[in-house]
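The structure under discussion appears below in the form of structure tokens.
The values are calculated or read from the model by the stated rules, or taken from the named source; none is laboratory data. Note that the structure is predicted; figures quoted are calculated from it, not measured. To get the accessible areas, we keep the full protein, side chains included, count just its heavy atoms, and leave off ligands, DNA and RNA. Shrake-Rupley method; radii C 1.70, N 1.55, O 1.52, S 1.80 Å.
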Amino acid sequence: MVGFLMENAIAFKSCITQMYFFHGLGCTEGVLLAAMGYDRYVAICHPLRYVSIMRRSTCIILVLTSWFTGCSTALIHAIMASQLPFCNINRIKPFFCDVKPVIKLACKDIHVNEVTLVTVTGFLSTSTFSLTILSYIYIITHILKIKSSKGRSKVFSTCSSHLTIVILFYGTAMCTYLGPASETSLEKDKVAAILFTVITPTLNPIIYTLRNKEVRNSVRKLTHKLNVCRFCLTASYPSEKVHR
């Protein structure tokens, strides 16, 4: 963000580093979302066995697997991109160093890089997305068996925040990476990149924290205090004094 706001250029090594961390964290989040989907499946469909299934060791293994998968996937793209010879053209259209626009600057055939990108990233995103959807298929099947509408809404509210993030994350990610690299696709990728890198991460804390009762109560108290302060200011400074 500092380089984007203060400078017009970024060094090649810094660009590769940015690419690595961007893909590493993105892939890690994708695997974590699949793990969270499984966690919700166990909590809803097997509540009595939740403690025995989702043990501390199981959670640690899921987290370590997520980080290992994300870091290793990003390392593949970063190494392959760093081995390419680049021409004098050194300007990319998006506002950050992503794989597709960076490899487009290479002076040699990038077919292998494109196939690797679609294969590795595509396989990872579709597999984690499929596992998440599979978890929700079982959850929805379980919800349909609940007779009371109150029970159904309670179970659905438990998954609403996670489901919203899944739709935002995978929707923008698949639009960005599951297509051929062309001028038209790169233009469309700009919009998806903004959603993927700015909008979705910004909405994450809002969507998750608003499900927390303590956060909602704090927001209500803060809103009430602001309204009280506004009323006090209005009472202290009547309209005729303000106009004068």
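When a/c reaches 1.5 or more, the comparison of a/b and b/c decides; with that in mind, is the stretch 16-57 rounded, prolate or oblate per its Cα gyration tensor? Don't skip to the end; give the middle numbers.
Details: a/c = 8.24, a/b = 3.16, b/c = 2.61.
Prolate, because a/c is 1.5 or more and a/b exceeds b/c.
Please calculate how many Å² of accessible area the stretch 97-150 carries per residue, with a 1.4 Å probe and no DNA, RNA or ligand atoms counted.
Numbers: 3060 Å² over 54 residues.
Using a 1.4 Å probe on heavy atoms only, each residue of the stretch 97-150 averages 57 Å².
Quick check on my link table: of Lys150/Lys213; Lys147/Lys213; Lys145/Lys213; Lys13/Lys108; Lys150/Lys221, which ones sit more than 24 Å apart, alpha carbon to alpha carbon? Walk me through the numbers on the way to the answer.
Working: Lys150/Lys213 19 Å; Lys147/Lys213 26 Å; Lys145/Lys213 28 Å; Lys13/Lys108 19 Å; Lys150/Lys221 28 Å.
Pairs exceeding the cut-off: Lys147/Lys213; Lys145/Lys213; Lys150/Lys221.
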